[in-house]
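Inspection log for the structure reproduced underneath, given as structure tokens.
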Amino acid sequence: MSAQGEESAARMRNLALALRAVRRYRQQNAKTVASAMGMPLRSYQHFEAGRGRLNIDSIFRFAEATDSDPLALLAAAIIGAPQFAVHCADNKLATILRFALEDFEARAGSTISALKAVDLFNTFGVLFDDLATQAERESRGLDELLAEYNRKKRDSSIDGS
């Protein structure tokens, strides 16, 4: 198999894993999702297993049936992280990014091509580092944040004395 064929097969495996993970996260069975997508169960099983050609419309119908993010499903396959689709199922991060990109295109248009790749890489790195920090803080809960705040306050008063 060629390198391109291997990459394609890996993307399909990742998509299949993402589809199954989202369906299970939503606590739905294959029959329910197949019905919501308007397809026979056997066809759905082939789709979820990643068999056959990729059909973007099916991914969007799956996302609607499972209240998930269709662009996160595609991104999960591309970046090799099936769990990304589950992580974005509730907040629709990838779809929000799409809307931001649409606004950026409308505002910046042809001037986008003047941006340097290294600057884009660095800017997105900072943005995603900040978002990761925010996500970590929010997932830890208020009690931990307050304890950390009090600890830092206490440490700074000890250092400042």
Query raised in the report: Does GLU105 satisfy the condition of being more than 18 Å from the chain's Cα centre (by Cα) and modelled with pLDDT of 95 or more?
Result: yes
Query raised in the report: List, please: which pairs have Cβ atoms under 6 Å, are six or more places apart or on different chains, and start with a residue in region 87-102 that is in contact (Cβ under 8 Å) with a residue 60 or more places away in the chain and end with one that is of a type in the set (A, V, I, L, M, F, W, C) and crowded, with 16+ Cβ neighbours inside 10 Å?
Result: ALA89/VAL22
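Looking at ARG53, is it closer than 30 Å to GLY5 by Cα, surrounded by fewer than 11 Cβ atoms within 10 Å (Cβ to Cβ) and not aromatic (Phe, Trp, Tyr)?
Details: closer than 30 Å to GLY5 by Cα: yes; surrounded by fewer than 11 Cβ atoms within 10 Å (Cβ to Cβ): yes; not aromatic (Phe, Trp, Tyr): yes.
The answer is yes for ARG53.
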Report task. Hey, could you check region 61-86 for residues that are in contact (Cβ under 8 Å) with a residue 60 or more places away in the chain and under 13 Å from ARG26 (Cβ atoms) and say which is surrounded by the fewest Cβ atoms within 10 Å (Cβ to Cβ)? Result -> VAL86
**Report entry** ALA85 vs. criteria modelled with pLDDT of 95 or more, touching a Ser or Thr at 6+ places or on another chain (Cβ under 7 Å) and part of a helix (DSSP H, G or I)
**Finding:** yes
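The values are calculated or read from the model by the stated rules, or taken from the named source; none is laboratory data. Please read all numbers here as calculations on a predicted model, not as lab measurements. Using ideal geometry, Cβ is built from the backbone for each residue, glycine included, and neighbour counts are taken over all protein chains shown.
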